[in-house]
Amino acid sequence: MKTETLALDLRGLHKSFGTVRAVDGIDLAVRPGEVVAFLGPNGAGKTTTIDMLLGLADPDAGSVEVLGLEPGAAIAAGRVSAVMQSGGLLKDLTVLETVELTASFFGSARPAAEVMQRAGIADIADRRVGKCSGGQQQRLRFALALLPDPDLIVLDEPTTGMDVEGRRDFWNALRADAARGRTILFATHYLEEADAYADRIVMISHGQVVADGSAAQVKSLTSGRIVSASFGGQLDGGLDEAALRALPGVVDVEVRRERVLVRTTDSDAVARHLLTATHATDVEIAARGLEDAFLALTTDHQNAATQGSLA
């Protein structure tokens, strides 16, 4: 029986810079057609890992295979493209000139009109790059990444500078590509994007994978719920924060203007206290979200300390 070739196969990956351990034994297998969010705090090792899978840095130990090939060979064959957060654009060229110039570097490329349409920039083809907004420049980078019709696209903060509508359209386009078999790996600080659009979430901290699964699976790793309530302008005089913190199961209490949020493993006890011992209204109980899982799984007390890390 023939084994499916993985889009990405990282095994025992290590990378250090002097005494700073950036990547500390990452194993990651990504199947073709998956949309994977690669998350972690600043300094977790995301960019170093991306550099290695793009052939921009060599691992100290471990192996990297991209579509069954060495990274350099996969990129040379036009099977991998990257959309980075900044750089790589000539400000004096128009959008169309930039696409056509980049297309000339490939032995075979998709038509300029096609990739601009798919990236949502066909209507600004004659605009100089220097006059484009940050979001429009990111869309241009996406169009350039589509030119070789790659099997894998790697994106680093791809929607920086885009408005809400632009981000939604961008991700809809990427999801359509993934439905046709293209693999997407993206790093982002917009956790709601990872929650909404990724098939799978991989979280790293201190150069190690600390969570890997669907958004629902990652969220389930964080126990408890959030109980929130409104105090209608009387928060200062109507809330005994110390009493809340003393309740069984309470992990944290956060005050936001006229509303209080309580993270707890015993939501019933907190809700009962708010409703019977205070004048709280609009009490809500919600499952903890991806942001809570991110904070819980990537903070120092959740992971063994290392000598250091780099982004």
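The values are calculated or read from the model by the stated rules, or taken from the named source; none is laboratory data. Predicted, not measured: the structure shown is a model, and the values here were computed from it. When we count neighbours, we look across all protein chains shown, and the Cβ atoms used for this are built from the backbone with ideal geometry, even at glycine.
Could you please let me know if L93 is of a type in the set (A, V, I, L, M), over 30 Å from V218 (Cβ atoms) and touching a strand residue (DSSP E or B) at 6+ places or on another chain (Cβ under 8 Å)? Yes; evaluated as a whole, the condition is true for this residue. Within the range 101-111, identify whether any single residue is touching a residue at least 12 places away in the same chain (Cβ under 8 Å), part of a helix (DSSP H, G or I) and either touching a Cys at 6+ places or on another chain (Cβ under 8 Å) or outside the structural domain of L67 (by TED's automatic domain parsing) (or both), and answer yes or no. Yes, there is a match, as at least one residue in the range 101-111 is touching a residue at least 12 places away in the same chain (Cβ under 8 Å), part of a helix (DSSP H, G or I) and either touching a Cys at 6+ places or on another chain (Cβ under 8 Å) or outside the structural domain of L67 (by TED's automatic domain parsing) (or both). R256 meets the stated requirement of being closer than 22 Å to E192 by Cα and not aromatic (F, W, Y).
Comparison of A178, A194 shows that the only residue that is more than 18 Å from G120 (Cβ to Cβ), in a helix (DSSP H, G or I) and touching a strand residue (DSSP E or B) at 6+ places or on another chain (Cβ under 7 Å) is A194.
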